[in-house]
Amino acid sequence: MPAQAPVRITAWVRGRVQGVGFRWWTRARALELGLAGWARNMPDGRVEVVAEGPEDRCVKLLGLLRGCDTPGEVHGVVERWSEARGSLAGFVER
């Protein structure tokens, strides 16, 4: 099976997701999936997640963000797909 071309996903997670360990949890899940990127709190209370890697792994991360095992309480996730830029290494909390 040929390797998948990397993709980039930007996801905005809304709900009670700040101050509850959500970015740390997201970083741990992304690293388990072998994704590169970051998660940061936004001034409006959302968390922005940017991840690059194989499409199936990005889909898996999205499913986890929407799942019931996240810290806090997720009310919704909006995502945007784009081409990977290849400039990310590791996964960090910003």
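Among the residues of segment 13-27, is any part of a helix (DSSP H, G or I) and touching a helix residue (DSSP H, G or I) at 6+ places or on another chain (Cβ under 6 Å)? Taking every residue of segment 13-27 in turn, none turns out to be part of a helix (DSSP H, G or I) and touching a helix residue (DSSP H, G or I) at 6+ places or on another chain (Cβ under 6 Å). Of the residues making up segment 12-32, those that are within 15 Å of Arg66 (Cβ to Cβ) and of a type outside the set (Lys, Arg) number 8. Residues that are in contact with a strand residue (DSSP E or B) (Cβ under 6 Å, 6 or more places away or on another chain) and not in a loop (DSSP other than H, G, I, E, B) within segment 63-73 comprise Leu65, Arg66, Glu73, listed in sequence order.
Residues of segment 72-94 that are acidic (Asp, Glu) and surrounded by 13 or more Cβ atoms within 10 Å (Cβ to Cβ): Glu79, Glu93.
The test for being modelled with pLDDT of 95 or more, in a helix (DSSP H, G or I) and within 18 Å of Arg94 (Cα to Cα) does not hold for Trp38. In the set Gly53, Gly76, Gly45, only one residue is out of contact with any helix residue (DSSP H, G or I) (no Cβ under 9 Å at 6 or more places or on another chain) and either part of a strand (DSSP E or B) or over 20 Å from Val7 (Cα atoms) (or both); that residue is Gly45.
The values are calculated or read from the model by the stated rules, or taken from the named source; none is laboratory data. Since we're looking at a predicted model, the values are computed, not measured. Because the Cβ atoms are built from the backbone with ideal geometry, glycine has one as well, and the counts that use them run over all protein chains shown.
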